[in-house]
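Report on the following structure.
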Amino acid sequence: MAYSGAVMDHFANPRNVGTIDDADGVGEVGNAKCGDIMKIYLKIDGNKIQDVKFNTFGCGAAIATSSMATELIKGKSVEDALNLTNKAVIEALDGLPPQKIHCSVLAEEAVKAAIADYYQKNGIAIPEDLKQCTSCCGDCTLH
Amino acid sequence: MRVYADNAATTAVSPTALEAMLPYLTEKYGNPSSVHSAGQEAAKGLDGARARIAGVLGAEAKEIYFTSGGTEADNWAIQIAMANGAKKNKRHIVSTAFEHHAVLHTLKKAEKNGAEVTLLDVHAEGVVRPEEVAAAIREDTALVTIMYANNEIGTLQPIAEIGKLCREKGVLFHTDAVQAAGHVPIDVVGQNIDMLSLAAHKFHGPKGIGLLYCRGKIPVPVFMEGGAQERGKRGGTENLPAIAGMAAALEEACQNMEIDNRRISRLRDKLIDAVSQIPHSRLNGDRQRRLPGIANFVFEGIEGEGLLLLLDMAGICASSGSACTSGSLDPSHVLLAIGLPHETAHGSLRLSLGAFNTEEEIDHIIKTLPPIVERLREMSPVWERIKKGA
């Protein structure tokens, strides 16, 4: 297994690490038993993602995909962020080893979970496809 | 500075072993099965290597079967026990939960072929209890197979005691000594070992060569058809350069064992003392009953792969039992067997030292590791919860 230069860069110098105390939306996915947890904090103003931070427990790819996902949604509209796919994260990182694809799925889900939290806090109906998966990422064969 | 602290994965070939190999790659290239002088020269080298290895283990030359390594030897040993057991309708095997997969997966296969397997607990200290081995042995037990030392956490098993009780009960005893050979004294007669596996590359010999010791009285079914090599049990032209390298490496390791072990254990203990200072960390396995070179830790709140990558960037080669490094979803079966929860087992680090590690290198690890753990914890939501005491 070898990581691309982009993965190693985002792992070694992760962007947007940290927390936001007065976040408008916080999403956490994965669980420690599986070995991956991602937590994303959003600061949203006028439907725009003004700031985003993350904390991740996981492997190199988990940290790199979190970092890349936050970069890809920073400054975008909430709708654009909702359209972020794990494939876009993989492409931006110049690929991931097959056994690490689930990390990109977690990153996508973490963004969606944070937006779902934002919707809930603001009384906006949560779309059906934002429902969360609770098992170990990689258990299913959907991605 | 590059610090190689993964000697339990593999070791560098020692200059002595390399020197012993070279003639068999150059001028002494004959096939030991050939009648002519070139072949007989090679045959002499092969016989000599076998005799020297047997001498070191306390065995006889005819009890040594060369294999491609430890995995093959483990597979073969279990097959031998199954075949001999079947003649007497004995199909029960006793082993432990934290064996190498070369044993565990072979036992799984044996189960499909009618074997019944009892895997014993190794408890929090990572050591199997002889009285529990004794209690597990039944009328129909064909084999007890227990590793000499664990490859991940380094704990030594009470091999002599288990050997004695197996002999008294008339049950075959195999030990996977891949991690132990060349690092701790082995005496197959004194320890009542019926079968033993080892691999040269764990004690500064070459890769791709190992052996199975099988006590003379035990019938050995053919493992590989096609030739008279290895007393007709494993066909195929012998890998003589590697065999010569293994013999030289094993002799050298055993000659230097006392001095090397004193030095390596001291470095290991220095490492354990320093690393244990990191908050929410622990040493895995019994502190005393362990190989001189292996120390395995867990750091709560982080995952092992990131740790390995950052250590590698700082020039330190180590390994981890995290799921991410194995390509599976589950962390190391060894760490789960000593009772670590999944969450914690993901954050493991194995540092394994060898004859070539220096004090300066240990100091480099001691200086480099804590800030890396700290850095990963800083970005970990799990650590955030631990800090809050949740």
Review point. Quick one: would you say B:E72 is in a loop (DSSP other than H, G, I, E, B), in contact (Cβ under 8 Å) with a residue 12 or more places away in the chain and within 19 Å of B:A199 (Cβ to Cβ)?
Key: no
(message) Among the residues of segment B:174-185, are any on the phi > 0 side of the Ramachandran plot and among the polar types (S, T, N, Q)?
(response) no
* To do: Answer yes or no as to whether A:I44 is buried (at least 24 other Cβ atoms within 10 Å of the Cβ) and over 15 Å from A:E109 (Cβ atoms).
  => no
Taking segment B:361-390 and keeping only residues that are without any contact (Cβ under 8 Å) to a residue 24 or more places away in the chain, over 16 Å from B:L307 (Cβ atoms) and more than 14 Å from every other protein chain (Cβ to nearest Cβ), one is left with B:D363, B:G389
The lone condition B:G226 fails out of (1) touching a residue at least 24 places away in the same chain (Cβ under 8 Å); (2) open to solvent by 50 Å² or more (accessible area, probe 1.4 Å) is (1)
All conditions in (1) within 11 Å of chain A (Cβ to nearest Cβ); (2) open to solvent by 10 Å² or more (accessible area, probe 1.4 Å); (3) touching a helix residue (DSSP H, G or I) at 6+ places or on another chain (Cβ under 8 Å) are true of B:P331 except (2)
Only one of B:K90, B:K28 is open to solvent by 30 Å² or more (accessible area, probe 1.4 Å), in contact with a strand residue (DSSP E or B) (Cβ under 7 Å, 6 or more places away or on another chain), farther than 21 Å from B:R234 by Cα and outside any helix (DSSP H, G or I), namely B:K90
Exercise. Within the bounds of segment B:164-175, is there any residue that is outside any helix (DSSP H, G or I) and closer than 25 Å to B:I264 by Cα?
Worked result: yes
Among residues of segment B:189-218 being hydrophobic (A, V, I, L, M, F, W, C) and over 18 Å from B:E251 (Cβ atoms), the residue surrounded by the fewest Cβ atoms within 10 Å (Cβ to Cβ) is B:V189
Given (1) in contact with a Leu (Cβ under 7 Å, 6 or more places away or on another chain); (2) under 30 Å from B:A83 (Cβ atoms); (3) open to solvent by less than 20 Å² (accessible area, probe 1.4 Å), B:E238 misses just (3)
The residue that is nearest to the other protein chains (Cβ to nearest Cβ), considering only those in segment B:344-360 that are open to solvent by 10 Å² or more (accessible area, probe 1.4 Å) and within 22 Å of A:G60 (Cβ to Cβ), is B:T344
Within segment B:284-323, residues within 14 Å of chain A (Cβ to nearest Cβ), out of contact with any helix residue (DSSP H, G or I) (no Cβ under 8 Å at 6 or more places or on another chain) and open to solvent by less than 20 Å² (accessible area, probe 1.4 Å) come out as B:A323
Checked segment A:29-58 for anything more than 17 Å from A:E71 (Cβ to Cβ) and more than 8 Å from chain B (Cβ to nearest Cβ); matches are A:V29, A:G30, A:N31, A:D45, A:G46, A:N47
Does B:A43 satisfy the criteria of being touching a Phe, Trp or Tyr at 6+ places or on another chain (Cβ under 8 Å), part of a helix (DSSP H, G or I) and open to solvent by less than 60 Å² (accessible area, probe 1.4 Å)?
-> no
Reported set for segment A:64-82 where residues are open to solvent by 10 Å² or more (accessible area, probe 1.4 Å) and either facing chain B (nearest Cβ under 9 Å) or in contact with an Asp or Glu (Cβ under 8 Å, 6 or more places away or on another chain) (or both) is A:K74
Q.
On the basis of being open to solvent by less than 50 Å² (accessible area, probe 1.4 Å), acidic (D, E), farther than 26 Å from B:H105 by Cα and more than 14 Å from every other protein chain (Cβ to nearest Cβ), does B:D273 make the cut?
A. no
B:V184: passes all of (1) under 21 Å from B:G126 (Cβ atoms); (2) crowded, with 24+ Cβ neighbours inside 10 Å; (3) out of contact with any His (no Cβ under 8 Å at 6 or more places or on another chain); (4) among the hydrophobic types (A, V, I, L, M, F, W, C) but (2)
If you go through A:A107, A:A2, A:A61, A:A92, the only one that is buried (at least 21 other Cβ atoms within 10 Å of the Cβ) and more than 10 Å from chain B (Cβ to nearest Cβ) is A:A107
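The values are calculated or read from the model by the stated rules, or taken from the named source; none is laboratory data. Computed from a predicted model, the values in this text were never measured in an experiment. Note that each Cβ is placed from the backbone with ideal geometry, even for glycine, and that neighbours are counted across all protein chains shown. For accessibility, only protein heavy atoms count, side chains too; no ligands or nucleic acids. Shrake-Rupley method; radii C 1.70, N 1.55, O 1.52, S 1.80 Å.
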